[in-house]
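Student: Encoded as structure tokens, here's the structure I'll be asking about.
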Amino acid sequence: MLTITQHKHDLLIIGAGLSGLRVAIQLAKDFDVAVITKVHPLRSHSVAAQGGINASIGEGDSWESHAFDTVKGADYLADQDVAEILAKEAPRAVIENERWGTAFSRTEDGKIAQRPFGGAAFPRTCYAADRTGHNLLHTTFEQALRCGVKFYNEWFVTSLVKNEGRICGLTALEIASGEIHSFIGKSVIVATGGFGRVYGHSTNAVINTGDGCALAFRIGAPLKDMEFVQFHPTTLYGSSILMSEGARGEGGYLVNSEGLRFMDKYAPEKMELAPRDIVARAIRTEINEGRGIEGEYVHLDLRHLGREKILERLPGIRDISIYFAGVDPIDEPIPIKPGQHYSMGGVHTNKNGATPIAGLYSVGEAACMSVHGANRLGGNSLLETLVFGRIVGEKIGEYLPTAPEPSSECVEDDAFRVREKLQEIMLKESGESPYEIREVMGTTMDSLVGVYRREADLKVALSMIKELKERFKNIFLGHSDKRYNYSLIRILELENMLDLAEVITMGALMRRESRGAHWRLDYPVRDDNNFLKHSLFTKIDDYVKTEFIDVNLGMFEVKERTY
Ligand SMILES: Cc1cc2nc3c(=O)[nH]c(=O)nc-3n(C[C@H](O)[C@H](O)[C@H](O)COP(=O)(O)OP(=O)(O)OC[C@H]3O[C@@H](n4cnc5c(N)ncnc54)[C@H](O)[C@@H]3O)c2cc1C
């Protein structure tokens with residue numbers, strides 16, 4: 001039997017988006033840090049973030065106001081101690097990145113410019129035109145290179161390995177060679193981003209398949225609040241590309257087929273700048289009740305902003321509209337409809353990013369630190385990656401010196417198991433098409449586990465996903481090339497997404513209330529008596545244990561949410 005190549009580092013970070021890189025920067029000076037990523041770091045999905053990053057650096061704003069907006073926006077399901085950290089640490093994170101070189105847009109007197117965003121009491125979203133993620137990721141990557149972080153670019157992590165309740169490493173496929181390697185580490189961080197591609201219509205890149213969440217789930221790390229899936233109100237009709245909330249922040253209107261701005265019916269005070277769950281439902285209702293254009297979409301109208309403002313503040317939005325919808329927003333309104341955008345749920349961690357498995361941490365969109373609760377506010381996710389990237393880095397820095405030596409045999413054994421499994425898939429001569437399974441999964445999630453949900457639909461969705469999981473056992477790859485076999489990668493991603501689709505649907509079924517992004521037509525009221533709780537999902541062999549755990553309250557009274 002061919003040997004398995006082994007690598008050893010103190011810390012293994014899966015993911016080179018903003019969150020993974022920020023952890024790496026924190027620790028690279030004192031420890032041997034490796035970042036493993038399935039795409040080049042600058043292709044991580046953080047690069048696509050458009051609208052901006054929140055921080056209370058404006059005159060008259062405060063961290064308390066930011067924390068309150070976050071908790072209220074979350075429909076009170078955010079852990080308030082974690083929201084406090086996010087808001088308090090925000091100015092430091094933004095200034096740090098500015099000093100590293102991020103080219104934030106400026107006010108006339110040279111300060112970092114800020115725009116209004118949904119659900120915020122203050123214009124606190126700092127931005128770099130409508131390419132904020134692009135700017136932040138390049139700056140952060142430069143810093144990681146400067147610190148000497150070791151990168152494994154275009155390596156696909158295939159499993160996590162634990163021994164006696166403690167993480168000891170992972171296995172990964174080198175995409176270029178097709179070889180499985182083992183990686184030994186005292187600590188592993190899941191920073192693999194969101195899982196939007198579980199849905200058919202998503203603003204997420206095709207790489208956002210939730211691999212890290214599924215791998216952690218498989219070794220017994222619980223997932224949390226998975227039913228809370230954010231649907232962004234404004235995705236381009238036809239392609240689902242994001243039309244940033246910055247467009248409404250700059251003053252864009254939403255208009256139905258009757259030519260009316262309809263948000264006054266749903267959020268009379270905040271109008272287009274209500275939180276995303278409310279605006280997405282409003283658009284879906286307009287379309288469902290026959291006021292959609294061609295029965296399918298509504299308009300995002302920017303024309304009144306004028307050419308100059310659109311060119312200065314929203315150049316990317318204009319380009320995307322022209323290239324992908326044939327519409328120049330200077331002259332015509334943009335056709336939009338809601339689409340999957342963000343995963344509030346993820347790997348269950350405490351506020352330091354620690355999971356119940358010793359040495360296993362998670363951060364960024366892959367994690368559920370409970371800072372976004374039932375609905376994330378725009379601009380808080382980029383912030384989460386940087387604030388908690390640093391904090392989690394600090395905490396791992398305290399853990400590593402006392403962590404025991406990991407068992408390399410366990411990782412090696414698992415690498416042999418993974419290699420055998422992949423060989424079996426590659427040598428199969430017939431079976432199920434992964435593309436068909438993926439298509440059915442996406443349309444099932446779009447149509448039955450979307451903006452509006454009900455028990456009968458969710459039950460159908462769950463049985464369809466279970467059926468797809470059965471079909472997956474007979475998956476057919478079609479060719480056995482080892483080098484750059486992206487068809488194989490797509491199959492491994494599909495396996496991960498099917499697990500997550502099942503848990504999302506289970507969560508949506510068991511939460512018999514409507515809160516934030518989770519709206520049940522059959523239980524249309526928020527039920528604090530029974531459901532002011534986080535949902536938790538733990539895999540035990542072939543069974544998923546479900547339970548509810550408490551939300552950390554304290555700073556703000558739980559109230560009805562009006563905007
Ligand atoms: C279109 C769009 C616009 C957005 N705009 C904003 C905004 O303006 N403001 C805001 O606050 N938020 C925004 N968000 C959300 C925000 O961008 C993300 O939540 C955040 O960037 C996620 O960062 P991350 O580090 O957690 O993950 P990502 O940046 O997604 O990085 C994930 C990393 O994991 C790696 N990875 C995944 N699986 C594997 C595997 N199996 N093996 C190896 N590596 C793996 C990938 O290669 C990648 O490096 C936006 C999201 C989208 C989709």
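The values are calculated or read from the model by the stated rules, or taken from the named source; none is laboratory data. Everything quoted here is computed from the prediction, not taken from an experiment. A quick note on method: Cβ atoms are made from the backbone with ideal geometry, for glycine too, and the neighbour counts reach across all protein chains shown. The accessibility values were calculated without ligands, DNA or RNA, using every heavy atom of the protein model including side chains. Shrake-Rupley method; radii C 1.70, N 1.55, O 1.52, S 1.80 Å.
Student: Which condition from (1) touching a Pro at 6+ places or on another chain (Cβ under 9 Å); (2) closer than 15 Å to residue 493 by Cβ is the one that residue 476 breaks?
Tutor: In the conditions (1) touching a Pro at 6+ places or on another chain (Cβ under 9 Å); (2) closer than 15 Å to residue 493 by Cβ, residue 476 misses (2) alone.
Student: Let me ask something additional. Does residue 193 count as assigned to a loop (DSSP other than H, G, I, E, B), crowded, with 22+ Cβ neighbours inside 10 Å and either among the hydrophobic types (A, V, I, L, M, F, W, C) or modelled with pLDDT of 95 or more (or both)? Spell out the reasoning first.
Tutor: Details: assigned to a loop (DSSP other than H, G, I, E, B): yes; crowded, with 22+ Cβ neighbours inside 10 Å: yes; either among the hydrophobic types (A, V, I, L, M, F, W, C) or modelled with pLDDT of 95 or more (or both): yes.
So residue 193 passes the test.
Student: Regarding region 135-144, can at least one residue be identified that is modelled with pLDDT of 95 or more and touching a Lys or Arg at 6+ places or on another chain (Cβ under 8 Å)? Before you say what the answer is, go through the steps one by one.
Tutor: Step one: list which residues in region 135-144 are modelled with pLDDT of 95 or more, which gives 135-144.
Now restrict to residues that are touching a Lys or Arg at 6+ places or on another chain (Cβ under 8 Å): 140.
Scanning region 135-144 turns up at least one residue that is modelled with pLDDT of 95 or more and touching a Lys or Arg at 6+ places or on another chain (Cβ under 8 Å).
Student: Could you please give the count of residues in region 85-130 that are of a type in the set (A, V, I, L, M) and open to solvent by 30 Å² or more (accessible area, probe 1.4 Å)?
Tutor: Restricting attention to region 85-130, the residues satisfying the condition of being of a type in the set (A, V, I, L, M) are 85-87, 90, 93-95, 103, 112-113, 120-121, 128-129.
Add one more test, that the residue is open to solvent by 30 Å² or more (accessible area, probe 1.4 Å), and what stays is 85, 95, 103, 121.
Of the residues in that region, 4 qualify.
Student: Here's another thing I want to ask about it. Residues that are in the same structural domain as residue 276 (by TED's automatic domain parsing) and open to solvent by 10 Å² or more (accessible area, probe 1.4 Å): which helices (runs of 4 or more DSSP H) entirely in region 300-411 hold 1 or more of them?
Tutor: Details: elements: 307-313, 315-325, 380-399.
So the answer is 307-313, 315-325.
Student: Might you let me know whether region 207-218 holds any residue that is assigned to a loop (DSSP other than H, G, I, E, B), touching a residue at least 60 places away in the same chain (Cβ under 8 Å), out of contact with any Phe, Trp or Tyr (no Cβ under 9 Å at 6 or more places or on another chain) and open to solvent by less than 10 Å² (accessible area, probe 1.4 Å)?
Tutor: First, pick out the residues of region 207-218 that are assigned to a loop (DSSP other than H, G, I, E, B): 207-210.
With touching a residue at least 60 places away in the same chain (Cβ under 8 Å) added as a condition, the list becomes 207-210.
Keeping just the survivors that are out of contact with any Phe, Trp or Tyr (no Cβ under 9 Å at 6 or more places or on another chain) gives 207.
Filter once more, keeping what is open to solvent by less than 10 Å² (accessible area, probe 1.4 Å): none.
No, that holds for no residue.
Student: Which number in (1) open to solvent by 10 Å² or more (accessible area, probe 1.4 Å); (2) on the phi > 0 side of the Ramachandran plot marks the one condition that residue 516 misses?
Tutor: (1)
Student: Let me ask you something else. Quick check on my filter: what residues within region 325-383 are among the polar types (S, T, N, Q) and away from the ligand (no atom under 13 Å from the Cβ)? Full working, then the answer.
Tutor: Residues of region 325-383 that are among the polar types (S, T, N, Q), as a first pass: 340, 343, 349-350, 352, 355, 362, 370, 375, 380-381.
Passing the criteria: 350, 352, 355, 370, 375.
Student: With under 18 Å from the mean Cα position of the chain (by Cα) and not acidic (Asp, Glu) as the only criterion, which of 262, 217 stands out?
Tutor: Result of the check over 262, 217: 217.
Student: Suppose we filter 145, 137 for residues that are in a helix (DSSP H, G or I) and open to solvent by 50 Å² or more (accessible area, probe 1.4 Å); which single one remains?
Tutor: Working: 137 fails: open to solvent by 50 Å² or more (accessible area, probe 1.4 Å).
Every option except 145 fails the conditions.
Student: Let me ask you something else. Given the criterion away from the ligand (no atom under 13 Å from the Cβ), at positive phi and not assigned by TED's automatic domain parsing to the domain that holds residue 300, identify the matching residue among 185, 210, 200, 178. Let's see the steps before the verdict.
Tutor: Details: 185 fails: at positive phi; 210 fails: away from the ligand (no atom under 13 Å from the Cβ); 200 fails: at positive phi.
After ruling out the rest, the residue left standing is 178.
Student: Under the condition of being assigned to a helix (DSSP H, G or I) and open to solvent by 40 Å² or more (accessible area, probe 1.4 Å), which residue from region 20-46 is farthest from the ligand (Cβ to nearest atom)? Write out each step before concluding.
Tutor: First, pick out the residues of region 20-46 that are assigned to a helix (DSSP H, G or I): 20-27, 41-43, 45-46.
So of that shortlist, the ones also open to solvent by 40 Å² or more (accessible area, probe 1.4 Å) come out as 26, 42-43, 45.
On the way: 26: 14, 42: 9, 43: 7, 45: 3 Å.
The extreme case among them is 26.
Student: Across region 250-271, what is the number of residues that are open to solvent by 10 Å² or more (accessible area, probe 1.4 Å) and within 16 Å of the ligand (Cβ to nearest atom)?
Tutor: Within region 250-271, residues that are open to solvent by 10 Å² or more (accessible area, probe 1.4 Å) and within 16 Å of the ligand (Cβ to nearest atom) number 1.
Student: Of everything in region 418-457, what is in contact (Cβ under 8 Å) with a residue 40 or more places away in the chain and among the small types (Gly, Ala, Ser)? Give them in sequence order.
Tutor: Across region 418-457, the qualifying residues are 430, 431, 433, 442, 450.
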